[in-house]
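The values are calculated or read from the model by the stated rules, or taken from the named source; none is laboratory data. Predicted model, so just to flag it, every value in this text is computed and none were measured. Neighbour counts are summed over all protein chains in view; Cβ atoms, including those assigned to glycine, are modelled from backbone coordinates with ideal geometry. For the accessible areas, the whole protein counts, side chains as well, though only heavy atoms, and no ligand, DNA or RNA atoms are used. Shrake-Rupley method; radii C 1.70, N 1.55, O 1.52, S 1.80 Å.
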Amino acid sequence: MKKILFLLLLLLAHTAYGKKVPKLAVEGDITQEMAEKLTGRLAYLDSRGCGEVYILINSLGGDADAALSIYDAIAALKARMIIHTHCVNGVGSVASLLLVGGTPGYRYACEKSSVMINLLKSGSDDVADVEQERKINDRIIAILAADTGHTAEEIVGKLSDVDDVWFFSDAAQAYGIVDKVLPPGQRLGGGVE
């Protein structure tokens, strides 16, 4: 059975201020099923007046449409709650959109983690597939530009000559993908484990 931990809700949550903060996990391939469950949990937390949530991400991507639907849910909720996003080990491809989509100032990466950004490249000759890929890539570029502080032209320049661009955590911070690199032993929300 393929290991996919996708939602650990209200799991021994803790912060430096003694509040219980829900933690959701995105691990493994992002699928439509995962997107439905995660967006449903986020909507539930919003309906309960939750002021913040942690999304722990350890995923190298998956279904682009599913990831974009999760991104849209996060973007819609950022006005009402703090969305902490946390790169636990490795985040790549469309999963990087979830990481960068967190509330500015609350996007984290573990010190030894890495982040990969890229554009879709299906290799299909079908005109409809190529057009859909172009539309999704335009959206990925717009999201990365808006959430990292780079221009769309800078993002395209970074991604145009290579298939994948990898960042270690400190480089991801310098590029604007995350706001803080957490040293080993630091808990989410502050404090030391």
Problem - Gaussian network model of the chain, Cα within-10 Å springs - most flexible of Ala128, Ala43, Ala64 - result: Ala128
Exercise for the section: Would you tell me the accessible area of Val53, worked out with a 1.4 angstrom probe on the heavy atoms of the protein chains, in Å² to the nearest 10? Expected result: 0 Å²
Handout entry: Links that overshoot a 19 Å alpha carbon limit, given the list Lys37/Lys135; Lys23/Lys78; Lys121/Lys158
Key = Lys37/Lys135
Exercise for the section: Just read off the accessible area of Val94 with the full protein assembly in place, 1.4 Å probe, to the nearest 10 Å². Expected result: 0 Å²
Exercise for the section: Would you mind getting the accessible area per residue of the range 46-168, heavy atoms of the protein chains only, 1.4 Å probe, in Å²? Expected result: 45 Å²
Handout entry: Accessible-area composition of the range 35-193, carbon plus sulfur, in percent [1.4 Å probe]
Key = 52 percent
Exercise for the section: Ignoring everything but the protein chains, give the 1.4 Å probe accessible area of Asp164 in square angstrom, nearest 10. Expected result: 70 Å²
Practice task
Please give the contour-minus-distance gain from Glu131 to Ala152: 0.36 nm per residue of separation, less the Cα-Cα distance, rounded to one decimal in nm.
Solution key: 5.7 nm
Practice task
Could you state the orientation-averaged shadow area of the convex hull built on the Cα atoms of the range 38-163, in nm² to one decimal?
Solution key: 8.2 nm²
Fill in the blank from the handout: Expected vector for the range 68-78, Karplus 3J(HN,Hα) from phi with 6.51, -1.76, 1.60 and θ = phi - 60°, integer Hz, x for Gly and Pro, equals 5, 5, 5, 4, 4, 5, 4, 4, 5, 8, 4
Practice task
Could you work out how far apart the two model spin labels at Trp166 and Lys180 are, taking each label as a point 7 Å from the Cα in the direction of the beta carbon, and quote it in nm?
Solution key: 2.7 nm
Exercise for the section: Starting from the residue with the highest accessible area, list Ile136, Ile82 in decreasing order, probe 1.4 Å. Expected result: Ile82, Ile136
